[in-house]
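Chemist: Please find one structure pasted underneath; my questions will follow.
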Amino acid sequence: MEEAPERDESLPGRAESYWMATSPETGFPPLDGDGRVDVTVIGGGIAGITTAFLLKKARLTVALIDAYRIVTGATGHTTAKVTVLHRLIYADLIDRFGGRLARQYAAANRAGVETVASLVREYDIPCSFERKPAYTYAESEEEREKVMAEVDAARHLGLPAAFTEDVPLPGESHGAVVLEGQAQFHPRNYLLLLAGHLPGEGSYVFEMTRAVGIEERADGVAVKTDRGTLHSGHAVLATHYPIYDRPGAYYARMQPSRSYALGVRIDEPFPNGIFINASDPVHSWRSQPAADGDLVIVTGAAHGTGQVTDTRAHYRDLEAYARSVYPVRSVDYHWSAQDYITADRVPYIGRLAGGHDRIYVATGFCKWGMAAGTAAGMILTDLIRGRENPWAEVFDPSRFREQPEFPDRVQKKIEAAGGAIEVDAAGFDREVAAIPPGEGKVVEVGGQRVAVFRDDRGGVRPLDPTCMHMGCTVAWNNAEKSWDCPCHGSRYAADGRVIESPTVRNLRRKEVVRR
Ligand code: FES
């Protein structure tokens, strides 16, 4: 559910993900009035599309809706590594959950990888799907121990992991855990083909259709959108962060994180594999075959959403890092992605917490959404069809028992957002004059905060910086030209329009009365 905001063209390369730049745009119609299907799926990323696709394959009718265009959010900005090796996780999962549940996590992700492979084969999907060994490599002797422990843990859970001294990236090797038979692909080319199979026989894809509310009743679910209401037996929230969150309170259990990617050309062949380091800061590498030679995708420089204003510096840091490893001939693309990190590093997949029978959720993929997002489709399809699923337990969204209440004061703060503020004209003008054209800042005037964006002609758009999801204060993101919320990752364009959920409401205008 992400619309491309204005981009900063001052950074090197095209300001667009490689996947977006090299795949067709979609043009599914918006919903027009009310409708009825077996299942409504909200969110057109890998979890939503896979769920809808598998449900339709099982002869249920589905409506997949997206607030903007499908596969333009996290899935359109991923590195698209389809793997069971999630950096270092298995030793931790065994400690946290025990072997039985950790094995479910591994098996679900393995099934996710193999399902992608079999759908690519069955539907002959031209998405440059390639099997690759996945590596998590140590950069010090201390990490070598952790990597070796991960090999043991993964093998204990039935994964054919091995330790290798031979890490085919430049620099001194301290060894790696390697898992053969993982994969990479072009996520949009894969998912747009699956989505193309959805419309027909009572099923639909509706783009530019924003879900604004859900009502669950004994006999079904009504998903209210800005274009009409969809009635169905079940609804799936695959919106990255659930737009419906009371009293399940996911807000208390997931942190949004932004990370950065560059598509670069290097002057030597890139080794066979997909790579991530074991230490912080996290960096990952893979290559992507392209018509004009391999593009190398390097990621890193992550931070909590809304906690950094000078996001351009993160692209520059990443470029400096890439150049420290490889001779980079050119930076051809730059983009960023937002992911949600759960409290225990395991996604929430299953019935929405808080006693819901007919509303399901798939979120919190902790940056590993390709295999797990596919597994989510398999799990939710089983649950909706009333079938047992062998991996559902570890992902159960109700695994945290406490259910924080949605505080009244938050609702009041949101209701009070906007309105007028009387300011000392000279002080306000001084603050605004310090903002360069094309930039934004939350300024403090008269004891109140105003989010001010100055357009390229110097015009000023004052907004209330109160996030309309749950009342946190947004911060300016100078690389993406957006207002980002540090609490749960809602994002707004410079003019206050929603570009990323969980919020479904735009920032309120603030009328500035000068005195
Ligand atoms: Fe939840 Fe802003 S995203 S308060």
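Read-outs throughout are calculated quantities, based only on the coordinates presented, and are distinct from any laboratory measurement. It should be emphasised that the depicted structure is a prediction, and the values quoted were computed from it without experimental measurement. Every residue, glycine as well, gets a Cβ built from its backbone with ideal geometry; the counts of neighbours run over all protein chains shown.
Chemist: Name the residues whose placed amide hydrogens come within less than 5 Å of the amide hydrogen of Val41, ignoring near sequence neighbours (fewer than 5 apart) on the same chain.
Modeler: Ala63, Leu64, Ile65, Val236
Chemist: Can you flag which of Lys367/Lys441; Lys81/Lys132; Lys441/Lys481; Lys413/Lys441; Lys56/Lys367 are past 19 Å Cα-Cα?
Modeler: Violating the 19 Å Cα-Cα cut-off are Lys367/Lys441; Lys413/Lys441; Lys56/Lys367.
Chemist: Each residue of segment 292-306 in turn: what ³J(HN,Hα) in whole Hz from Karplus with 6.51, -1.76, 1.60 and θ = phi - 60°, glycine and Pro shown as x?
Modeler: 9, x, 4, 9, 9, 9, 10, 10, x, 6, 6, 7, x, 4, x
Chemist: By Kyte-Doolittle mean hydropathy of at least -1.0 and Cα axial length of at least 15 Å, which whole DSSP H helices of the chain are selected?
Modeler: Length and hydropathy pass: 46-57, 99-123, 312-325, 369-384.
Chemist: Let me ask something else. Would you mind getting me the FRET efficiency between Ala433 and Val325? Use the beta-carbon distance for r and R0 = 41 Å, nearest 0.05.
Modeler: 0.45
Chemist: Which whole-angstrom value gives the distance between the alpha carbon centres of segment 333-365 and segment 192-238?
Modeler: Here the answer is 18 Å between Cα centres.
Chemist: Would you calculate the separation in nanometres between label points at Asp32 and Glu444, each defined as 7 Å from the Cα along the Cα-to-beta-carbon direction?
Modeler: 5.3 nm
Chemist: Here is a follow-up. Which percentage, to the nearest 5, of the DSSP beta bridges contained in the chain is antiparallel?
Modeler: Of all bridge pairs located within the chain, approximately 75 percent are antiparallel.
Chemist: Run the dipole for the chain about the Cα centre, Lys and Arg Cβ at +1, Asp and Glu Cβ at -1, nothing else charged, and hand back the magnitude in debye, nearest 20.
Modeler: 1080 debye
Chemist: Next question, about the same structure. Would you mind counting up the charge near Arg351? Only other residues with Cβ under 10 Å from its Cβ, with Lys and Arg at +1 and Asp and Glu at -1.
Modeler: Taking every other residue near Arg351 into account, the sum is -1.
Chemist: Using alpha carbon centroids, what distance separates segment 449-464 and segment 473-515, in Å?
Modeler: 11 Å
Chemist: What is the fewest-to-most order of His231, His303 by other Cβ atoms lying within 10 Å of their Cβ?
Modeler: His303, His231
Chemist: Counting helices only, and only those DSSP H runs with n ≥ 4, report the 222 nm mean residue ellipticity of the chain as the sum of -39,500 (n - 2.57) divided by its residues, in deg cm²/dmol to the nearest 500.
Modeler: For the chain, the value works out to -7500 deg cm²/dmol.
Chemist: Find how many whole Å separate the alpha carbon centroid of segment 105-176 from the alpha carbon centroid of segment 252-295.
Modeler: So the two Cα centres are separated by 15 Å.
Chemist: Then there's this: Scan the chain and report its longest stretch carrying no GluC sites (Glu not before Pro) that are both in a DSSP loop and have at most 10 other Cβ atoms within 10 Å.
Modeler: My reading of the result: 202-387 is the longest stretch.
Chemist: If you don't mind, another one. Name the long-range amide H neighbours of Ile499: under 5 Å, sequence gap of 5 or more, or other chain; modelled H, no Pro or chain starts.
Modeler: For Ile499, the qualifying residues are Arg491, Tyr492, Ala493.
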